[in-house]
Amino acid sequence: MTRSRDLELRSSAVTLSDMEVFIFPRLMYSLLLANLMSPRIWRWRDDPWFDGIERAKPYRRINRLKQFIMDHYVFNLDLDTWGLTTKEREMERFHEFIDTDTLAQSNALFGYEGDKYYFSIDIRTHFGLDKYEGSVIPYWKTETVEAMDAFKFKPAYSNGAGECVSLAALYAAALFIVARIPLEDIFLMATPLHSQNFIDVGEGILTNNRRLLTKSMWYNGTALSAQARRALENERVTIVAHESGHIHILYEEATIDPQAYKRFSDRLHAYLRTPISEEILVNFLRHHRETQNCFQVRWRIHGSDHYIAAEHAFSYEHGSPYRLSDSTRAKLLDDIDEEEYQTAPLPGRMVLNDFESFIRDHRIDCNKPGDLQRLKHELGRDCNRAGSAIDALADFCTVEPHLPEAGSKRFVREGEPLALRPDMNREQLMDRLEQLRSHHPVVELAFYSYRDLNRTDPWPFLLAALERNPVSVHATRDMSDAEVIGLVSEMPDESIYDEEGRLAQPDEVWNFGRGDGIEKAVLLANIFRERRPDGQFELTVAPDHAFLSCDGDVLEFASAKGLRSQVWSLNNWLDETT
């Protein structure tokens with residue numbers, strides 16, 4: 001039986017799995033808007049940590065926000081958090097929207113391995129999937145800020161948590177609400193294995209999970225920067241989402257404003273390019289350790305030149321506040337015992353000091369083949385790996401992002417501009433989104449991501465709840481019905497969503513061990529329907545209670561969700577929602 005695209009899209013806005021966001025790129029921004037509507041992030045403005053933030057310059061505001069996120073959230077990529085599915089099941093669901101071969105061009109779990117880095121690794125081993133059968137893949141659902149906050153209720157977690165898309169959406173919403181960065185300057189990017197944001201402030205800032213990278217940090221050669229560089233160095237950017245719309249690597253139609261996309265592309269390209277300088281050279285050597293043995297460092301001790309292998313000098317950076325790449329080099333080299341130096345130059349190595357002078361005097365441009373050839377010739381006098389070393393230096397200085405090609409797209413307008421301003425309060429923002437939702441598809445989807453069943457059709461929520469919540473089903477498979485009912489009934493009557501009307505999905509209730517009565521009833525319906533697929537299930541909800549009828553047996557739960565009185569017949573839910 002074939003479902004409508006609209007139903008599939010709206011139910012996907014509820015679960016927001018990696019697969020769903022890839023198939024329906026509008027969902028990336030719908031999650032951001034759901035977080036903008038949430039009172040959670042708006043309450044951050046009242047935290048003493050942000051006192052006076054509105055008077056600070058943009059970078060100071062953003063950096064203050066970064067530390068708050070670092071203190072309150074951790075990165076989570078636990079395969080078991082939201083359960084597992086299979087390639088076959090997902091393709092059966094989405095075969096009318098995309099075919100397997102096309103999907104494999106850009107989705108890592110369906111065959112895409114990246115241009116360089118990921119091609120050399122077993123992608124299933126990389127994600128820990130090798131312990132499962134070959135077609136098993138994780139759901140990797142994206143969390144709203146409420147679900148991120150609720151990780152503190154899970155064992156071994158003391159703070160909130162989320163995966164990369166969740167953290168990117170959280171950052172984008174908080175940048176607008178707390179740091180007062182206009183949405184027009186925030187671009188969300190997804191690659192097959194990662195999601196991050198580009199913020200058009202100063203020379204540009206990238207978010208990377210919990211952290212931020214300025215342009216200078218991108219080129220500092222540290223292990224953290226190397227990790228952050230992987231996605232843009234090795235993967236295609238599959239989706240760019242913006243307040244004006246989106247562009248997708250596979251789809252011909254793009255809704256992002258062409259001028260906004262050009263600005264993003266130009267600014268990102270500028271961010272990913274830097275001239276070769278003495279500092280950049282040393283940062284490159286810190287990043288590209290295999291090239292360090294081409295160099296030695298000269299240092300004057302007691303009036304005489306002494307020499308030390310570059311890799312030995314770099315090893316002293318660990319645990320030291322000093323660096324070879326900046327004005328603290330002298331202090332770093334002074335801290336090294338004299339006996340570690342040689343009095344004569346080391347054979348087969350270029351003197352780093354002289355190579356730095358060559359770069360400074362000749363104003364080398366890494367984008368000019370002739371300049372790179374001169375560097376290879378200069379280094380080649382002392383290092384027989386000069387060619388590969390200089391090619392790696394050029395790659396370090398210029399990263400070419402693999403963005404969706406604007407020239408191959410047909411640009412259409414998404415709807416009227418969102419016109420959300422940082423000087424708005426939450427009520428004004430909610431009013432504006434309510435005005436837009438009837439004629440702006442992303443805004444309408446945002447209300448489904450927001451999960452307020454007093455504002456939306458309940459069937460997309462129920463479809464997601466009864467089809468894509470495997471964790472609770474799997475966890476209770478060896479329990480009797482009575483044991484399951486007792487366990488769920490004993491959970492705290494506390495929803496992870498503060499507001500009336502907003503409901504958690506069954507696996508959120510299960511994972512975080514709490515829920516409103518209506519949420520508990522839907523959780524039990526999910527578990528029991530799996531056990532009795534031909535059973536008769538009916539859920540009756542009212543502002544202050546819920547009744548779940550299972551083959552004539554009735555369970556009653558108190559509720560504080562204030563839902564409109566209605567009856568949901570679940571035994572034929574697939575027919576009802578087709």
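The values are calculated or read from the model by the stated rules, or taken from the named source; none is laboratory data. Not measured: the values here are computed from a predicted model. Cβ sites come from the backbone with ideal geometry, for glycine too, and all protein chains shown count toward neighbours.
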Which of (1) crowded, with 21+ Cβ neighbours inside 10 Å; (2) out of contact with any His (no Cβ under 8 Å at 6 or more places or on another chain) is the odd one out, the single condition ILE256 does not satisfy?
(2)
Over the range 218-241, the set of residues at pLDDT 95 or above and part of a helix (DSSP H, G or I) is TRP218
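Give the residues of the range 92-107 that are assigned to a loop (DSSP other than H, G, I, E, B), among the charged types (D, E, K, R) and in contact (Cβ under 8 Å) with a residue 40 or more places away in the chain, sorted by residue number.
Answer for the range 92-107, where residues must be assigned to a loop (DSSP other than H, G, I, E, B), among the charged types (D, E, K, R) and in contact (Cβ under 8 Å) with a residue 40 or more places away in the chain: just GLU96.
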Quick one: count up the residues across the range 167-194 that are farther than 24 Å from ASP47 by Cα and in contact (Cβ under 8 Å) with a residue 60 or more places away in the chain.
6
Any residue in the range 374-385 that is at negative phi sitting within a Cβ distance under 6 Å of a residue that is at pLDDT 85 or above and assigned to a helix (DSSP H, G or I)? List the pairs, counting only those 6 or more apart or interchain.
LEU375/ILE390; LYS376/ALA386; LYS376/GLY387; LYS376/ILE390; GLU378/PHE358; LEU379/ALA386; GLY380/ALA386; CYS383/CYS294
With respect to MET189, is the statement that it is assigned by TED's automatic domain parsing to the domain that holds TRP44, of a type outside the set (Val, Ile, Thr), in contact with a Phe, Trp or Tyr (Cβ under 9 Å, 6 or more places away or on another chain) and not in a strand (DSSP E or B) true?
no
Which ones in the range 368-402 are under 20 Å from GLY221 (Cα atoms) and touching a strand residue (DSSP E or B) at 6+ places or on another chain (Cβ under 6 Å)?
THR398
Considering GLU416, GLU427, which residue is without any contact (Cβ under 8 Å) to a residue 40 or more places away in the chain, of a type outside the set (Lys, Arg) and not in a helix (DSSP H, G or I)?
GLU416
Tell me whether the range 49-62 contains one or more residues that are closer than 29 Å to GLU500 by Cβ and not in a helix (DSSP H, G or I).
no
Is there any pair with a first residue in the range 125-152 that is assigned by TED's automatic domain parsing to the domain that holds THR86 and a second that is at pLDDT below 70 and surrounded by fewer than 17 Cβ atoms within 10 Å (Cβ to Cβ) whose Cβ atoms are under 6 Å apart and which are 6 or more apart or on different chains, and what are they?
ASP130/ARG124
Filtered residue count, the range 425-459, keeping only those that are out of contact with any Asp or Glu (no Cβ under 8 Å at 6 or more places or on another chain) and more than 21 Å from GLU8 (Cα to Cα):
11
Across the range 385-431, what is the number of residues that are of a type outside the set (Gly, Ala, Ser) and within 23 Å of ASN367 (Cα to Cα)?
15
Which numbered condition ASP305 misses (of (1) in contact with a helix residue (DSSP H, G or I) (Cβ under 9 Å, 6 or more places away or on another chain); (2) modelled with pLDDT of 95 or more; (3) farther than 16 Å from ALA392 by Cβ):
(1)
For the range 288-329, give me each residue that is of a type in the set (A, V, I, L, M, F, W, C) and assigned to a loop (DSSP other than H, G, I, E, B).
LEU324
Restricting attention to the range 403-441, and to residues there that are in contact with a Lys or Arg (Cβ under 9 Å, 6 or more places away or on another chain) and among the small types (Gly, Ala, Ser), which single residue is surrounded by the fewest Cβ atoms within 10 Å (Cβ to Cβ)?
ALA419
Checking the condition in contact with a helix residue (DSSP H, G or I) (Cβ under 8 Å, 6 or more places away or on another chain), in the same structural domain as VAL21 (by TED's automatic domain parsing) and either surrounded by 23 or more Cβ atoms within 10 Å (Cβ to Cβ) or of a type in the set (A, V, I, L, M) (or both), which residue from LEU213, LEU268 passes?
LEU213
Check SER565 against each of (1) crowded, with 20+ Cβ neighbours inside 10 Å; (2) touching a strand residue (DSSP E or B) at 6+ places or on another chain (Cβ under 7 Å); (3) not β-branched (Val, Ile, Thr) and name the one condition it does not meet.
(1)
Set VAL509, VAL522: member being under 20 Å from GLU467 (Cβ atoms), in contact (Cβ under 8 Å) with a residue 60 or more places away in the chain, touching a helix residue (DSSP H, G or I) at 6+ places or on another chain (Cβ under 6 Å) and buried (at least 16 other Cβ atoms within 10 Å of the Cβ)
VAL522
What number of residues in the range 351-370 are at pLDDT 95 or above and either hydroxyl-bearing (Ser, Thr, Tyr) or over 20 Å from GLN296 (Cβ atoms) (or both)?
0
Find the residue count for the range 69-82, including only residues that are among the aromatic types (Phe, Trp, Tyr) and either surrounded by fewer than 17 Cβ atoms within 10 Å (Cβ to Cβ) or in a loop (DSSP other than H, G, I, E, B) (or both).
2
Tabulated pairs, the range 57-78, first touching a residue at least 40 places away in the same chain (Cβ under 8 Å), second in a helix (DSSP H, G or I) and polar (S, T, N, Q), C-beta under 9 angstrom, 6+ apart or interchain
TYR73/SER166; ASN76/SER166
If GLY562 satisfies every condition in (1) touching a residue at least 40 places away in the same chain (Cβ under 8 Å); (2) part of a loop (DSSP other than H, G, I, E, B); (3) touching a helix residue (DSSP H, G or I) at 6+ places or on another chain (Cβ under 9 Å) but one, which is the exception?
(3)
Among the residues of the range 98-109 satisfying the criterion of being more than 17 Å from GLY134 (Cβ to Cβ) and under 24 Å from the mean Cα position of the chain (by Cα), which is modelled with the highest pLDDT?
ILE98
Among the residues of the range 148-163, the number that are buried (at least 24 other Cβ atoms within 10 Å of the Cβ) and outside any strand (DSSP E or B) is 2
Subset of the range 329-373 (residues that are over 21 Å from ILE308 (Cα atoms), buried (at least 16 other Cβ atoms within 10 Å of the Cβ) and not aliphatic (A, V, I, L, M))
CYS366, ASP371
